[in-house]
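Written below as structure tokens is the structure these notes are about.
The values are calculated or read from the model by the stated rules, or taken from the named source; none is laboratory data. For clarity, every value in this text was computed on a predicted model and none was experimentally measured. Positions of Cβ are generated from backbone atoms using ideal geometry, with glycine treated the same way; all protein chains shown enter the neighbour counts.
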């Protein structure tokens, strides 16, 4: 909590605290102490509810109780790892730093370096190490999350000689490092494992057996960081914030609407099988890169939240991924939704979509390095990310229509034309090519340029003609005929378009400039390398696997949509749709032409 927030404490609370602080050594319970307990303290610092209440009863302040618990835990944790620090890694500093993080930090020590040597190994690890060689292939999945083992454990198994991501029990290949007697003794490995050894086999897809299993929340917290927002949480949380009760001794960290939403969306992803796969994959890529995925809210121009036919929608950019920095930005407008479940399902689909961009980029840069230029402009990236987002949203869908159910229907019925139209939606999409386009990228960009110019003309006409006409019609039917209560959704739609279209027009102009520049580049000698990369990718069957992966997900989506059925929007009771409204307007213009001006009567 910042100093200014502390200064803003209400007088009655200051009086309360002032009365307590001088006499906190007296065994009188501190007001509010018991209520300050959080269940998470048990997992973080081994601080039980019973211990907390007992300390409160002795008159200790919440921050004193937590401070003592932290000190005790860190001392015990460091003692547990003292021998390990002397015999092998981790070093003393690492032990101190991790133990200072509480139980999650200790779990990280176990994950990275194995259990403390004087104590038992973790249950899964012990099971693997004492098992038969033939059991090892299966059981290693319980140790290596997502198919990627901890570097520390590999170091201890092979004295630093092995840095590959898959391990299998079996006969060693010639030249493969094998665990020594000293290594197996240190780890408590059964000596019988030494004969067949532990060998490297990068062709074993270890993640396949568990890639859809729920993730440990501590693993998510370790690799995904949610940045603070700026909108205070309403209700009791906001009251506690304003009173300064949050942040006392770090017990109840303050939280914003954006942070709370992001946390709930991450939990929502765990409810989806495809969501768990995406989460595990993005964490694996972040781990490989030595980075953390950051999640934060952003304000996007032209954003509005409105209801149409009973569906609450966010008009504008939902989110975006900065793949090299592993940063995901979501539209702050999601916090304005009245239907929280729709917000969670829609944003979970978007988060999965954007996370998959990170996975797709890093995985394919690693696997197809010679096609780096073509990968930057491959529409398979966006198509694959959309399939992931739609799968997640449909798996989570509770039977109510939302933006994603409508888009899923469009993808499954629109074929290739759906993705062709997508090139006119945003400057980023404008330069994307299907693999078939890459055989003749110049012709593809010329088609895109033509479509962009038509789209721009339509947007300009809508803003210049459709919006003013609709405003006049709505105003007349509301004022003269008293239809205001029935026109709420139509009115919101018009104003949403009026606010968004200037931004859309600017983006279309940007897209036209970018595609025009790309055409000029490909027609010049400077574009030779890019042209060759496109044309080589179009011919290479290995590169074609990217499109095949998208098609598999699309087939999966079609099967799920058939099994689960896509809900359709239901008109909001008491609200007119455009067809009904146009019929009323036409009738009024015919019966009461004097109500309308010459141009408006058309």
**Study point:** Residue under evaluation residue 384, criteria (1) touching a residue at least 24 places away in the same chain (Cβ under 8 Å); (2) surrounded by fewer than 24 Cβ atoms within 10 Å (Cβ to Cβ), criterion not met
**Key:** (2)
**Study point:** Boolean, residue 416 is modelled with pLDDT under 90 and over 24 Å from residue 531 (Cα atoms)
**Key:** no
Revision key, fill the gap. Of the residues in the range 22-41 that are assigned to a loop (DSSP other than H, G, I, E, B) and closer than 28 Å to residue 218 by Cα, the one that is modelled with the lowest pLDDT is 39
Study note, to complete from the structure: Restricting attention to the range 354-368, the residues that are farther than 18 Å from residue 393 by Cβ and in contact with a strand residue (DSSP E or B) (Cβ under 7 Å, 6 or more places away or on another chain) number exactly 1
Practice item. Of the conditions (1) outside any helix (DSSP H, G or I); (2) more than 30 Å from residue 480 (Cβ to Cβ); (3) free of Cβ contacts under 8 Å to residues at least 24 places away in the same chain, residue 568 clears all except one; give me its number. Key: (3)
Practice item. Quick one: which helices (runs of 4 or more DSSP H) lie wholly within the range 42-98 and hold at least 1 residues that are modelled with pLDDT of 75 or more? Key: 49-57, 62-80
Exercise for review: Among the residues of the range 571-592, count how many are without any contact (Cβ under 8 Å) to a residue 40 or more places away in the chain and part of a loop (DSSP other than H, G, I, E, B).
Suggested key: 2
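Conditions (1) loosely packed, with under 13 Cβ neighbours inside 10 Å; (2) under 20 Å from residue 372 (Cβ atoms), marked per residue:
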residue	(1), (2)
482	yes, no
500	no, no
511	no, no
514	no, yes
520	yes, no
538	no, yes
546	no, yes
Check your understanding: How many of the residues making up the range 426-440 are in a loop (DSSP other than H, G, I, E, B) and either touching a strand residue (DSSP E or B) at 6+ places or on another chain (Cβ under 6 Å) or at pLDDT below 90 (or both)?
Key -> 1
Check your understanding: Does the range 537-548 include one or more residues that are outside any helix (DSSP H, G or I) and touching a strand residue (DSSP E or B) at 6+ places or on another chain (Cβ under 6 Å)?
Key -> no
